[in-house]
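Participant: Handing you a structure now.
The values are calculated or read from the model by the stated rules, or taken from the named source; none is laboratory data. No experiment lies behind these values; they were computed from the predicted model shown. Because the Cβ atoms are built from the backbone with ideal geometry, glycine has one as well, and the counts that use them run over all protein chains shown. When the accessible area is computed, the model is the full protein with side chains, heavy atoms only, and any ligands, DNA or RNA have been set aside. Shrake-Rupley method; radii C 1.70, N 1.55, O 1.52, S 1.80 Å.
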Amino acid sequence: MINDGSSRRLDLDGLQVFEAIMRERNVTRAAACLSLTQPAVSHALARLRMVYDDPLFIRSAGGVRPTRRAEELWLEVQQPLKQLRRAFAPGTFDPASDDFSVSIAVNDMITQEFITPWCARLQRVAPGLKLILMMRAFGDTEARLMQGTLDFGLGLFSSLPDSLRRQEVWSDRYVCVFRRGNPLADLPWTLETFESARHIRVAPNGDRFNVADVGVRIPGTESQVALLVGHFTCVPSMLQVTDMVALLPRFYVNAVAAQHDLEVRELPYPANPVKYELVWHERAEMSKPLAWVRDDLLRELHLR
């Protein structure tokens with residue numbers, strides 16, 4: 001601490017903890033960002049509460065919310081903290097104050113369920129970040145990562161060049177979904193019933209999407225594809241108004257089945273799980289902004 005000549009002492013470490021909690025609105029995530037233990041963050045917060053004679057943060061759903069005094073203090077300390085960082089560590093990267101851009105190829109389904117809540121938090125922790133989201137296309141994502149025109153890919157990948165790095169973030173299984181009231185619901189759920197259905201198939205890059213590429217075998221159904229669409233998130237609504245079926249990953253079905261009144265059936269044949277991965281080029285590991293985005297996104301995905 002530094003004595004400022006008054007009855008208070010300037011607690012720079014405590015103010016950094018305060019800043020992290022203000023941005024994360026969660027003590028556990030703030031501790032992770034600062035590479036501190038949660039008790040250390042709690043002790044620093046307790047010191048600040050004594051100094052300012054205010055609780056500063058109040059427990060709320062999913063984390064904490066600042067008091068009015070904390071909001072006032074936040075306005076006072078943001079800019080001075082940025083200036084101190086620049087003075088003591090010139091040339092370093094600070095997501096809280098630096099302007100930077102990052103591009104990620106990801107499909108609309110993953111964007112809706114995982115990237116959207118992450119973006120909401122990024123506005124607080126990295127206000128200078130310009131995030132560029134583009135539709136994930138099979139083959140094109142890998143090529144753009146190699147060319148350096150894309151920073152990250154998030155989704156399903158098979159073999160990759162040696163210069164591309166990968167990190168599994170979760171695994172899942174595909175299930176079959178159709179609307180309640182579909183005549184299929186009254187039939188025995190067998191392979192024959194499945195193969196008799198008319199399918200909606202997702203073709204993200206305009207070509208016929210072969211789910212076998214991501215570990216889901218569809219025996220004998222190629223002639224039953226009745227509708228090809230370019231986006232995953234339109235499929236639930238289309239199932240509501242047709243007697244077609246679709247294969248979707250369970251994580252997405254869990255989020256939309258009730259809203260769209262869909263029935264969920266396990267596949268009537270053995271199917272391998274699929275692995276969703278974050279992929280980047282090895283050159284990204286030399287960039288502090290890209291390394292920060294990678295680690296922050298991985299932390300967000302693992303928390304969900």
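Participant: Given the conditions (1) at pLDDT 95 or above; (2) open to solvent by less than 40 Å² (accessible area, probe 1.4 Å), which single one is not true for Met238?
Facilitator: (2)
Participant: For the stretch 22-58, give me each residue that is in contact (Cβ under 8 Å) with a residue 24 or more places away in the chain and among the aliphatic types (A, V, I, L, M).
Facilitator: Those that are in contact (Cβ under 8 Å) with a residue 24 or more places away in the chain and among the aliphatic types (A, V, I, L, M): Met22, Val27, Ala32, Val41, Ala44, Leu45, Leu48, Val51, Leu56.
Participant: Quickly run through the stretch 253-276 and pick out the residues that are of a type in the set (Gly, Ala, Ser), surrounded by 13 or more Cβ atoms within 10 Å (Cβ to Cβ), over 17 Å from the mean Cα position of the chain (by Cα) and modelled with pLDDT of 90 or more.
Facilitator: Ala257
Participant: Oh, and also: Which count do you get for residues in the stretch 140-197 that are open to solvent by 10 Å² or more (accessible area, probe 1.4 Å) and in a loop (DSSP other than H, G, I, E, B)?
Facilitator: Final tally of qualifying residues: 17.
Participant: Residues in the stretch 107-139 that are of a type in the set (Lys, Arg), farther than 20 Å from Ser171 by Cβ and touching a residue at least 40 places away in the same chain (Cβ under 8 Å): how many?
Facilitator: Here the count works out to 2.
Participant: Being in a strand (DSSP E or B), surrounded by fewer than 15 Cβ atoms within 10 Å (Cβ to Cβ) and not hydroxyl-bearing (Ser, Thr, Tyr) is the requirement here; does Val279 meet it?
Facilitator: Against the criterion (in a strand (DSSP E or B), surrounded by fewer than 15 Cβ atoms within 10 Å (Cβ to Cβ) and not hydroxyl-bearing (Ser, Thr, Tyr)), Val279 does not qualify.
Residues are listed down the side, and each one gets a yes or a no for (1) surrounded by 19 or more Cβ atoms within 10 Å (Cβ to Cβ); (2) within 23 Å of His302 (Cα to Cα); (3) hydroxyl-bearing (Ser, Thr, Tyr); (4) modelled with pLDDT of 90 or more:
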residue: Asp4; (1), (2), (3), (4): no, no, no, no
residue: Ala20; (1), (2), (3), (4): yes, yes, no, no
residue: Gln38; (1), (2), (3), (4): no, yes, no, no
residue: Gly63; (1), (2), (3), (4): no, yes, no, no
residue: Leu75; (1), (2), (3), (4): no, no, no, no
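Participant: Looking at the stretch 180-198, I want the residues that are over 12 Å from Thr242 (Cβ atoms) and have a partner that is hydrophobic (A, V, I, L, M, F, W, C) and assigned to a loop (DSSP other than H, G, I, E, B) with Cβ atoms under 6 Å, at least 6 apart or on another chain. Which pairs are those?
Facilitator: From residues that are over 12 Å from Thr242 (Cβ atoms), the pairs are Thr193/Leu187.
Participant: Checking Gln79 against (1) surrounded by fewer than 15 Cβ atoms within 10 Å (Cβ to Cβ); (2) polar (S, T, N, Q); (3) touching a Gly at 6+ places or on another chain (Cβ under 9 Å): exactly one of these is not met. Which one?
Facilitator: Unmet condition: (3).
Participant: Condition check: touching a Lys or Arg at 6+ places or on another chain (Cβ under 8 Å), open to solvent by 60 Å² or more (accessible area, probe 1.4 Å) and on the phi < 0 side of the Ramachandran plot. Does Leu228 satisfy that?
Facilitator: yes
Participant: Given (1) aromatic (Phe, Trp, Tyr); (2) modelled with pLDDT under 90; (3) open to solvent by less than 40 Å² (accessible area, probe 1.4 Å), identify the lone condition not met by Trp118.
Facilitator: Condition not satisfied by Trp118: (2).
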